Amino acid sequence: MSISSNFSATYAEARAKFLEACMNRGLEVESHHNDKARGAEGEDLYMDVARLGPDEAKKVLFVSSGTHGGEGFCGSGVQIGMLREGMLKDLPDDVAVVFIHAVNPYGFSHIRRVNEDNIDLNRNFLDYAEGLPENPEYAEVHDMIVPDDWGGPAFKKAEEDIQTYIAKNGLGPFQQAVTGGQHIRANGLFFGGFEPAWSNKTLRAIVTKHAGNATHFAMMDFHTGLGPYGHGELIYVGDPEGLPRAIDWYGDDVTSPEAGTSTSAVVRGTINIGMCESAPQAQATCTAIEYGTKPILEVLNALRADNWLYAKGDLDSDQGRTIKKEVRDAFYCDFDDWKQMIWERGISVVDMAIKGLAKS
Ligand SMILES: [Zn+2]
């Protein structure tokens with residue numbers, strides 16, 4: 001089978017392929033049902049988990065897809081391919097690999113970055129007892145990001161305001177203001193939520209179950225939408241003291257938002273925080289792999305359009321269908337060359353993570 005056949009056109013297709021590939025490998029699957037939402041075709045939604053390697057392994061690699069819903073086509077294709085190709089059979093002693101398929105199954109199915117409550121999960125892992133962060137920069141750009149119409153006068157005014165903002169502050173600060181995460185506008189972009197989401201609580205339980213006794217775990221969370229077409233940027237997230245270890249494992253092209261070397265803005269409330277809190281005894285080496293699709297302003301515009309559609313538009317309209325196609329194209333390049341690039345880099349970074357864990 002070709003590499004492209006491991007990728008899917010819908011969440012339902014991806015899930016069926018994942019379950020079948022696990023079954024063919026004789027792997028048990030833990031399926032966590034999301035009672036709060038249904039899929040785009042009315043289907044049930046699950047976060048599915050399969051573990052390879054010994055139950056008692058003290059070093060655990062989590063390979064996850066679909067934290068940002070519609071970005072899930074990419075990571076799912078790599079997970080399914082690795083299962084189908086018979087990989088990860090001869091893991092080093094004391095290393096296990098845990099596949100988490102569709103961390104955000106609602107977004108995967110509806111081709112949205114966010115979950116059923118418009119929450120960006122990678123902004124949701126905060127300490128809510130401490131109170132929510134204030135987001136004055138986002139407050140300044142919200143009306144430009146979510147205009148009252150899409151393509152009409154409010155949209156045109158918003159476009160001008162964005163250009164003025166960028167001319168005054170720069171593209172980097174604009175990206176930071178929009179994408180850094182916000183907890184003030186539930187119908188806005190990069191909304192982090194007011195409380196832990198279903199995926200947040202479910203993921204924590206999975207990590208405690210599989211790494212609660214681990215000495216070391218690693219996270220490889222698959223994303224799309226930033227950077228050059230097909231390029232897989234490995235972004236280190238977490239305690240700055242772990243960055244040299246990540247560079248030792250993966251090479252010196254590992255980037256860090258805090259160090260200003262990543263295409264990603266500095267972001268609060270990312271999933272690695274929840275994973276670390278769920279296995280606090282373990283050393284953690286957490287990375288996201290971020291694959292490029294389209295230029296950043298096109299991706300941001302697709303996200304804005306999608307957010308506008310759900311906040312103020314009509315899904316069942318020509319405009320709605322056009323926007324959904326744009327969103328899909330922004331997350332997922334449905335081309336063989338792109339999938340080949342995703343696959344090669346994907347299996348390479350997973351292999352490096354396993355070797356890194358083995359020697360740690
Ligand atoms: Zn993402």
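The values are calculated or read from the model by the stated rules, or taken from the named source; none is laboratory data. All figures in this text were calculated on a predicted structure; none of them were measured in a lab. Heads up, the Cβs are rebuilt from the backbone with ideal geometry, glycines too, and the neighbour counts pull from every protein chain shown.
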Inset, instruction - Hey, can you tell me all the residues within the stretch 53-72 that are over 12 Å from Asn104 (Cα atoms) and within 22 Å of the chain's Cα centre (by Cα)? - result: Val60, Leu61, Phe62, Val63
Inset, instruction - Inspect the stretch 210-217 for any residue being away from the ligand (no atom under 16 Å from the Cβ), outside any loop (DSSP other than H, G, I, E, B), buried (at least 22 other Cβ atoms within 10 Å of the Cβ) and hydrophobic (A, V, I, L, M, F, W, C) and give the result as yes or no. - result: yes
Inset, instruction - Looking at (1) modelled with pLDDT under 95; (2) more than 29 Å from Val207 (Cβ to Cβ), find the lone condition where Val267 falls short. - result: (2)
Inset, instruction - Go through the stretch 288-317 and give me each residue that's hydrophobic (A, V, I, L, M, F, W, C) and in contact (Cβ under 8 Å) with a residue 40 or more places away in the chain. - result: Ala288, Ile289, Ile296, Val299, Leu300, Leu303, Ala305, Trp308, Leu309, Ala311
Legend entry - Contacts under 8 angstrom Cβ, first residue in the stretch 264-287 being acidic (Asp, Glu), partner surrounded by fewer than 22 Cβ atoms within 10 Å (Cβ to Cβ), 6 or more apart: Glu277/Arg204
Inset, instruction - Filter the stretch 56-66 down to residues that are touching a Ser or Thr at 6+ places or on another chain (Cβ under 8 Å) and within 16 Å of the ligand (Cβ to nearest atom) and give me whichever is nearest to Val95 (Cα to Cα). - result: Ser65
Inset, instruction - Could you identify the single residue in Val114, Val78 that is out of contact with any Lys or Arg (no Cβ under 7 Å at 6 or more places or on another chain) and not in a loop (DSSP other than H, G, I, E, B)? - result: Val78
Legend entry - Enumeration of residues in the stretch 301-319 that are within 24 Å of the chain's Cα centre (by Cα) and either over 24 Å from Val141 (Cβ atoms) or of a type in the set (Ser, Thr, Tyr) (or both): Tyr310, Leu315
Inset, instruction - Considering only residues that are more than 20 Å from Ile111 (Cα to Cα) and hydrophobic (A, V, I, L, M, F, W, C), look in the stretch 1-33 and name the one that is modelled with the lowest pLDDT. - result: Met1
Legend entry - Residues located in the stretch 142-159, provided they are assigned to a helix (DSSP H, G or I) and touching a Phe, Trp or Tyr at 6+ places or on another chain (Cβ under 9 Å): Met144, Ile145, Phe155
Inset, instruction - Filter the stretch 224-248 down to residues that are surrounded by 15 or more Cβ atoms within 10 Å (Cβ to Cβ) and within 17 Å of Ile273 (Cα to Cα), then give me how many there are. - result: 7
Inset, instruction - Kindly check whether there is at least one residue in the stretch 124-141 that is within 16 Å of the ligand (Cβ to nearest atom) and either surrounded by 16 or more Cβ atoms within 10 Å (Cβ to Cβ) or not in a helix (DSSP H, G or I) (or both). - result: yes
Inset, instruction - Looking only at the stretch 262-285, count how many residues are farther than 20 Å from Phe190 by Cβ and touching a helix residue (DSSP H, G or I) at 6+ places or on another chain (Cβ under 8 Å). - result: 8
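Results for (1) part of a loop (DSSP other than H, G, I, E, B); (2) among the basic types (Lys, Arg); (3) assigned by TED's automatic domain parsing to the domain that holds Asp93, shown as yes or no for each residue.
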{"site": "Ile119", "(1), (2), (3)": "yes, no, yes"}
{"site": "Asp161", "(1), (2), (3)": "no, no, no"}
{"site": "Thr164", "(1), (2), (3)": "no, no, no"}
{"site": "Ala167", "(1), (2), (3)": "no, no, no"}
{"site": "Gln176", "(1), (2), (3)": "no, no, no"}
{"site": "Arg204", "(1), (2), (3)": "no, yes, yes"}
{"site": "Met219", "(1), (2), (3)": "no, no, yes"}
{"site": "Thr224", "(1), (2), (3)": "no, no, yes"}
Legend entry - Options Asp351, Asp337: the member that is surrounded by fewer than 20 Cβ atoms within 10 Å (Cβ to Cβ) and within 20 Å of Ser5 (Cβ to Cβ): Asp337
Inset, instruction - Please enumerate the residues belonging to the stretch 270-288 that are within 16 Å of the ligand (Cβ to nearest atom), part of a strand (DSSP E or B) and among the β-branched types (Val, Ile, Thr). - result: Thr287
